[in-house]
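Worksheet for the structure shown next.
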Amino acid sequence: MCRITKKQSSTKIKPFYATYGRRAKLPLDKDENKITLTDRIRILMEELPTVRRKIKENVEKAQEKQRQQHGKLQNKWKGPYLIHKEFGNEAYKLKELNGKVLKTPQNGEWLKKFYSRNKFEPKIVIKGKEVVDKTRVRFD
């Protein structure tokens, strides 16, 4: 019951209201707000199409936001690879570091030079004395 009575983040509307055009009646609700059948039909005919248009707009905004954020944390490059064979038209056959040659040649425009990084080892400086230790700090 909670899922259909709670406002969704993408639609910004409660699912029960979007489906039935009214608030869900919960067991604790009193029957104070009784409306006539004609009022109910009027609400369904006038308000529900507006609500559904708003839902469509909100879903499209949420989808666009998801599209923009998709893949931001993934690596943009694969590799590193070695050049196995060079063709004359800026195409290259690549091989992995373990020696396995890739089947399809790659266009040179899609390749980027790889610069390896040195392993990072922290340098700890204590009162002017440099103490380097991989796992623990020594105090001299």
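Quick notes
- Under 5 Å, built H, 5+ apart or other chain: amide partners of HIS84: LYS93, LEU94, LYS95
- 5 angstrom amide H check on LYS14, placed H, neighbours 5+ away: GLN8
- Put in order of Cβ neighbour count within 10 Å, fewest first, the listed residues GLU90, GLU109 become GLU109, GLU90.
- Over 21 Å apart at the Cα level, from the set LYS78/LYS103; LYS12/LYS34; LYS76/LYS123; LYS12/LYS65, are LYS12/LYS34; LYS76/LYS123.
- Taking a Cβ cut-off of under 12 Å around LEU111, the surrounding Lys, Arg, Asp and Glu residues balance to a net charge of +1, with basic ones at +1 and acidic ones at -1.
- Considering only THR104, ILE124, HIS84, the residue lying farthest towards the positive end of the dipole of region 81-131 is ILE124, judged by Cα position with unit charges set on Cβ.
Readers should treat all values here as calculations from the given coordinates under stated rules, not as data from a laboratory. Just so you know, these numbers come straight off a predicted model, no measurement behind them. Using ideal geometry, Cβ is built from the backbone for each residue, glycine included, and neighbour counts are taken over all protein chains shown.
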